[in-house]
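Below you'll find the structure, written out as structure tokens, and then a few comments.
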Amino acid sequence: MIEKIPTQTNTRDQLVNDLKSVIGDAESWLRNGSQLTGEELKSAKAKFEQTLASAKVGLINAEETVVERTKVAAKATDEYVKDNPWKSVGLGAAIGVVIGMLIVRK
């Protein structure tokens, strides 16, 4: 049977927050970069690099989650088609007819 795929909103929210932070840090650095000197510049650069690294890790985790979900969905679809071949053929034909009708209308 088809299982519900769990969502990971915390991961997505964390990724969005990290990306917003990267963008904010980049904008701040571009605006104030010419005014920073010595330790301030090193500190700003380190903070930006840390935020960027965190965003990269978040993107990698999001990619892994998407790949995992896609594999689960493909497996569920494959199992459904194997268990219900005639329903699948009928559904495919019905979708084809609807698409054909939409194409003819234009």
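The values are calculated or read from the model by the stated rules, or taken from the named source; none is laboratory data. In this text the structure is predicted, and so the values were computed from the model without any measurement. Backbone-built Cβ (ideal geometry, glycine too); neighbour counts: all protein chains shown. When the accessible area is computed, the model is the full protein with side chains, heavy atoms only, and any ligands, DNA or RNA have been set aside. Shrake-Rupley method; radii C 1.70, N 1.55, O 1.52, S 1.80 Å.
Can you tell me which residue among Thr65, Thr70, Thr11, Thr77 is surrounded by 14 or more Cβ atoms within 10 Å (Cβ to Cβ), at pLDDT 80 or above, out of contact with any Leu (no Cβ under 9 Å at 6 or more places or on another chain) and of a type in the set (Val, Ile, Thr)?
Numbers: Thr70 fails: surrounded by 14 or more Cβ atoms within 10 Å (Cβ to Cβ); Thr11 fails: at pLDDT 80 or above; Thr77 fails: surrounded by 14 or more Cβ atoms within 10 Å (Cβ to Cβ).
Within the list Thr65, Thr70, Thr11, Thr77, the selection yields Thr65.
Since Ala55 meets every condition but one in (1) open to solvent by 100 Å² or more (accessible area, probe 1.4 Å); (2) within 17 Å of the chain's Cα centre (by Cα); (3) of a type outside the set (S, T, N, Q), which condition does it not meet?
(1)
Is it the case that some residue within region 18-31 is at pLDDT 75 or above and outside any helix (DSSP H, G or I)?
There is no residue in region 18-31 that is at pLDDT 75 or above and outside any helix (DSSP H, G or I).
How about region 34-62: which of its residues are over 15 Å from Leu19 (Cβ atoms), hydrophobic (A, V, I, L, M, F, W, C) and out of contact with any helix residue (DSSP H, G or I) (no Cβ under 8 Å at 6 or more places or on another chain)?
Leu41, Ala46
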